[in-house]
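Right, one structure below, let's go through it.
What follows draws every value from the coordinates through simple rules; no lab data is involved. Note that this is a predicted model, so its numbers are computed, not measured. In this analysis, Cβ positions are derived from the backbone assuming ideal geometry, glycine residues included, and neighbour counts consider all displayed protein chains.
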Amino acid sequence: MNKKLQHFGTSAVLATVLAAGTAVLSTTASAEATLSGNAGILSEYIFRGIVQNDTASGNGGIDLEVGGFYAGTWIADVDDGVEYDLYAGYVHEFANGFYLGAGGTSYQYSDSFDREYNEANFYAGWSNDLWSLDLEYTTGDYNGDFVDDNGNIEGDEYDFIAATVGWNGVYLTYGAFGDDADDQLGEYFELGYGFEVAGFDVTAAVVHTDLDDDPAGLTSDGGSPGDGDETSAYVGIHRSFDIMSWGS
């Protein structure tokens with residue numbers, strides 16, 4: 001997450017991606033342990049509505065899944081340096097298509113791109129062969145300070161909520177920051193489409209972020225404070241692969 005307003009966000013992905021792809025949610029009830037990897041490239045790295053890298057960003061990670069437990073790491077090229085995430089948690093999938101999950105994520109950065117973020121993440125959702133609904137609530141601490149629209153320091157705590165509705169590969173996400181981060185980070189909408197080609201997962205999306213007014217000194221163009229709304233688009237190509245598995 002970049003301390004500069006126009007690049008501020010959180011990891012991965014996960015986002016989302018997940019976002020842009022971060023934590024992999026394992027919903028299998030099997031006791032088998034699986035070690036897998038993933039690699040890809042984003043034309044523009046955007047997470048939770050905020051641009052992390054406005055040029056092509058390579059990324060990849062490794063995930064360990066045992067039953068519903070997961071742990072892993074994910075690395076991405078950001079605007080100035082490297083972002084590397086550590087995460088772990090548990091997701092349980094019910095027979096009727098519902099799931100519940102909880103975990104933690106730590107976002108770390110090399111060089112001077114940003115400071116550390118630590119989060120507790122909570123998930124719930126439902127899906128069938130055509131539709132899906134995914135909900136997220138996150139609460140976290142930032143090793144820095146958020147500021148309001150007038151440049152006043154708010155504090156270092158934030159929360160984030162998101163809801164994603166999917167239909168046959170098309171998805172619409174609404175996300176919003178709160179607590180000390182509500183003025184600086186605002187809210188966003190993301191409309192995208194995901195599909196598979198020759199074993200590669202492809203995502204194309206348009207993201208509109210409402211950042212309210214840029215705090216003094218933090219405008220994206222270095223000018224005076226003003227409307228911080230921004231609309232961006234990106235294409236991502238990723239591939240996952242099994243490394244090894246063991247157990248029943």
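Label residue 145 and residue 86 with points 7 Å out from Cα along Cα→Cβ: what is the distance between them in nm?
Between residue 145 and residue 86, the label points sit 2.8 nm apart.
Step through the residues of segment 88-101 one at a time and calculate ³J(HN,Hα) from phi using the Karplus curve (6.51 cos²θ - 1.76 cosθ + 1.60, θ = phi - 60°), rounding each to whole Hz and writing x for Gly and Pro.
Coupling constants for segment 88-101: 7, x, 9, 10, 10, 9, 8, 5, 8, x, 7, 9, 9, x Hz.
Can you work out the FRET efficiency for the pair residue 118 and residue 39, with r the C-beta to C-beta distance and R0 = 30 Å, to the nearest 0.05? Could the numbers behind the result be given before it?
On the way: r = 26 Å, r/R0 = 0.86.
Using R0 = 30 Å, I get an efficiency of 0.70.
Give, as a single signed number, the net charge of other residues whose beta carbon lies under 12 Å from the beta carbon of residue 172, with Lys and Arg counted +1 and Asp and Glu -1. Don't skip to the end; give the middle numbers.
On the way: positive: none; negative: 134, 190.
Around residue 172, the surrounding residues sum to -2.
From the Cα gyration tensor of segment 65-158, with a ≥ b ≥ c the square roots of its eigenvalues, which class applies: rounded if a/c is under 1.5, or else prolate if a/b is larger than b/c, or else oblate? Provide the component values of the computation, followed by the final result.
Details: a/c = 2.50, a/b = 1.74, b/c = 1.44.
Here segment 65-158 falls in the prolate category.
Could you let me know the centre-to-centre spacing of segment 104-118 and segment 135-212, using Cα atoms, in angstrom?
17 Å
What number comes out for the charge environment of residue 120, summing +1 per Lys or Arg and -1 per Asp or Glu over other residues with Cβ under 11 Å away?
Summing Lys/Arg as +1 and Asp/Glu as -1 gives -3.
Work out the FRET efficiency for residue 233 and residue 31 from their Cβ-Cβ distance, taking R0 = 41 Å, and round it to the nearest 0.05. Show your work: numbers first, answer last.
On the way: r = 42 Å, r/R0 = 1.02.
For R0 = 41 Å, the calculated efficiency reads 0.45.
Please list, in chain and number order, the residues 5+ apart from residue 211 or on another chain whose amide H is under 5 Å from its amide H, with Hs placed from the backbone.
Long-range HN contacts for residue 211: 228, 229, 230.
Test of understanding: what is the full-extension gain from residue 172 to residue 204, defined as 0.36 nm times their sequence separation minus their Cα-Cα distance? The partial results should precede the final answer.
On the way: separation 32, 0.36 × 32 = 11.52 nm, distance 1.20 nm.
Fully extending the segment from residue 172 to residue 204 adds 10.3 nm.
Which parts of segment 34-54 would a label at residue 244 reach, counting a residue when its backbone N lies under 20 Å from a point 7 Å out along Cα-to-Cβ?
The answer is 34-39, whose backbone nitrogens lie closer than 20 Å to the label point.
Would you work out which of 138, 126, 107 lies farthest towards the positive end of the dipole of segment 98-156? Charges go on Cβ: Lys and Arg +1, Asp and Glu -1.
126
With each label point set 7 Å from Cα along the Cα-Cβ vector, what nm distance links residue 133 and residue 94?
1.2 nm
Quickly rank 62-70, 195-203 as a protection proxy: mean count of other C-beta atoms within 10 Å, highest first.
Values: 62-70: 18.6, 195-203: 12.1.
Highest-to-lowest ranking by the protection proxy: 62-70, 195-203.
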